[in-house]
Amino acid sequence: MSDEILAKLKEAIETQDIEMAKEWTQKGIDEGMPVKDIIQEGLASGMEKVGDQFEKAEIYLPEVMMAADAMEECMELLRPVLEETGEESGQKATVVIATVEGDIHEIGKKVVASMLRGNGYEVVDLGRDIPVDDFVQAVKDSDADIVGASALMSTTMPEQKRIQQAVEPLGVKTIYGGAPVTQEWVDEDVGGNAYAPNAAAAVKALDEII
Ligand code: B12
């Protein structure tokens, strides 16, 4: 059953079928499947395929946006489940997270935020296209311990360096990610505390640095 659910979730995102995606997400929830499997092995794996097809110009922007909408609606269904299961572990730390200025991609960042919430972190999600100063202000307002920043374009990756420079003096730890971001970039160019290639790895990395 769970293999069928994962296959249907992937198919629903690939075919940009919002109703199908929601129906099979709900089935996954009802069957008690781990939310991280629903996200990572179902929805995100469908989104990966969409990304590949977009890169090969097999599909166009409107289709990508529809797939993205489908994924976001499913994340809305999953959020309360994630938050409910995460409560048991108590709150580990407060994370301010956002997509950097000039970049409107936020699906991956939302996935990371949801997984962190589900794993006992308090998350302040500022959204997308967020200037450095807003990161700084949010750290002060929420007394955050960690800053996470997502960049999905090579043109917006340098914003991560500016964020690092601005928040380092506040004594917070930092984690960076996004499809073009690498461990090497974070270590050598940004000087951040952690890098994670996906949401599950982000949880693991933060568990280690706090
Ligand atoms: C969906 C999508 C869009 C959607 C975004 C919808 C939304 N609400 O987010 C829309 C259609 C709006 C869009 C617009 C554009 N896009 Co676009 N888009 C994509 C696409 C196909 C998938 C991205 C995605 O959501 N993936 C699924 C998620 C789950 O994966 P993810 O984002 O990688 O996130 C995971 C990890 O990276 C990591 N992670 C992510 N963030 C963080 C943060 C932290 C702290 C950590 C630890 C980890 C982490 O964990 C996540 C979960 O596992 C990518 C292609 C690709 N292969 O990435 C192009 C892509 C990113 N887009 C691209 C471009 C060029 C654009 C546009 C400029 C297009 C245009 N001509 O208008 C605009 C951007 C305008 C702007 N100013 O930002 C390029 C970027 C090229 C580059 N390297 O610079 C890509 C690579 C496509 C391509 N090959 O051309 N896009």
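Taken together, the values in this text are just the output of simple stated rules run on the coordinates, not laboratory data. The structure displayed is predicted, hence computed values, not measured ones. We place every Cβ from the backbone using ideal geometry, glycine too, and count neighbours over all the protein chains shown.
Values computed for the structure shown
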| read-out | value |
| --- | --- |
| Virtual spin-label span in nm between E48 and E83, 7 Å along Cα→Cβ | 2.9 |
| Alpha carbon Rg of the range 136-194, scaled by the compact-globule rule 2.2 N^0.38 Å | 1.06 |
| Built amide H within the under 5 Å cut-off of T99, gap 5+ | G127, R128, D129, I130, S150 |
| Along each principal axis, Cα extent of the range 90-209, largest first, Å | 38, 27, 25 |
| 5 angstrom amide H check on A196, placed H, neighbours 5+ away | Y176 |
| Radius, Kirkwood style, for the chain when every pair of distinct Cα atoms is counted (Å) | 17.4 |
| Long-range HN-HN contacts of M153 with modeled amide H, under 5 Å | none |
| Residue-wise HN-Hα coupling along the range 23-37, computed from phi with Karplus coefficients 6.51, -1.76, 1.60 (Hz; x: Gly, Pro) | 4, 6, 5, 4, 4, x, 4, 4, 6, x, 5, x, 4, 5, 6 |
| Backbone HN-Hα couplings from phi across the range 173-190 [Karplus 6.51/-1.76/1.60, Hz, Gly and Pro as x] | 8, 10, 9, 10, x, x, 3, x, 7, 10, 4, 4, 4, 5, 5, 8, 9, 7 |
| Net charge of neighbours whose Cβ lies under 11 Å from the Cβ of E41, counting Lys and Arg as +1 and Asp and Glu as -1 | -1 |
| Added length on full extension, which subtracts the Cα-Cα distance from 0.36 nm per residue, E122 to K204 | 28.0 nm |
| Spin-label pair M20/S154, simplified geometry with 7 Å Cα→Cβ offset, distance in nm | 3.4 |
| Residue-count net charge about E159 - beta-carbon cut-off 9 Å; Lys, Arg +1, Asp, Glu -1 | 0 |
